[in-house]
1. If we keep just the residues of region 77-86 that are buried (at least 18 other Cβ atoms within 10 Å of the Cβ) and within 14 Å of the chain's Cα centre (by Cα), which is farthest from residue 141 (Cα to Cα)?
2. Please determine, by comparing only the residues of region 59-76 that are within 21 Å of residue 113 (Cβ to Cβ) and touching a helix residue (DSSP H, G or I) at 6+ places or on another chain (Cβ under 7 Å), which one is surrounded by the most Cβ atoms within 10 Å (Cβ to Cβ).
3. If you scan region 87-109, which residues turn out to be surrounded by fewer than 19 Cβ atoms within 10 Å (Cβ to Cβ) and either touching a residue at least 40 places away in the same chain (Cβ under 8 Å) or assigned to a strand (DSSP E or B) (or both)?
4. Return the residue satisfying two criteria in turn: it lies in region 120-148 and is outside any strand (DSSP E or B) and touching a residue at least 12 places away in the same chain (Cβ under 8 Å), and of such residues it is farthest from residue 100 (Cα to Cα).
5. Against the conditions (1) within 18 Å of residue 34 (Cα to Cα); (2) surrounded by fewer than 13 Cβ atoms within 10 Å (Cβ to Cβ), where does residue 127 fall short? Just the number, please.
6. With respect to residue 141, is the statement that it is surrounded by 22 or more Cβ atoms within 10 Å (Cβ to Cβ) and within 22 Å of residue 40 (Cβ to Cβ) true?
7. Taking the stated definitions as given, is residue 114 surrounded by 13 or more Cβ atoms within 10 Å (Cβ to Cβ), touching a helix residue (DSSP H, G or I) at 6+ places or on another chain (Cβ under 8 Å) and either closer than 16 Å to residue 146 by Cα or in contact (Cβ under 8 Å) with a residue 60 or more places away in the chain (or both)?
């Protein structure tokens, strides 16, 4: 009986660890990191826009890379905070947070033909399986998720 209880406990702990790992590697974790470190994201965005690059900017928690890209209006730049990716080959996903005054943008500052969907915007490739969603976190701040 004791062996059975130990096996169940180990299984529960493994499942909890997998759930925690999955959350830490997901678009939802990017949104949480933004909310927890909002001031760091604002500082980094301002520095990156001033410098025209994110190369010398201190990365906020959870951010792997900062890039400055043209925003959808073409009048100014947006700042992309790359925060994660998973998968391989044709089953790859990337996610992060973008600062843009020009509206919702996705991976690499791309403004796809997004349509309103479920409290955000969605783009789906015609005749393919690629898709992207963007959710507004706050004014000028967006969470993006891109699936190839």
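The values are calculated or read from the model by the stated rules, or taken from the named source; none is laboratory data. Not measured: the values here are computed from a predicted model. Cβ sites come from the backbone with ideal geometry, for glycine too, and all protein chains shown count toward neighbours.
1. Within region 77-86, the match that is farthest from residue 141 (Cα to Cα) is 84.
2. 71
3. 87, 88, 90, 91, 92, 93, 108
4. Our first condition is that a residue be outside any strand (DSSP E or B); within region 120-148, this holds for 125-130, 139-140, 148.
Subsequent filtering for residues that are touching a residue at least 12 places away in the same chain (Cβ under 8 Å) retains 129-130, 140, 148.
On the way: 129: 26, 130: 23, 140: 5, 148: 23 Å.
Going through the qualifying residues, I end up with 129.
5. Residue 127 satisfies all of (1) within 18 Å of residue 34 (Cα to Cα); (2) surrounded by fewer than 13 Cβ atoms within 10 Å (Cβ to Cβ) except (1).
6. Working: surrounded by 22 or more Cβ atoms within 10 Å (Cβ to Cβ): no; within 22 Å of residue 40 (Cβ to Cβ): yes.
No; evaluated as a whole, the condition is false for this residue.
7. Criteria not met by residue 114.
Yes/no matrix, rows are residues, columns are (1) surrounded by fewer than 14 Cβ atoms within 10 Å (Cβ to Cβ); (2) modelled with pLDDT of 60 or more; (3) assigned to a helix (DSSP H, G or I):
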site	(1), (2), (3)
4	yes, yes, yes
8	yes, no, yes
11	yes, no, yes
20	yes, no, yes
23	yes, no, yes
31	no, yes, yes
45	no, yes, yes
48	no, yes, yes
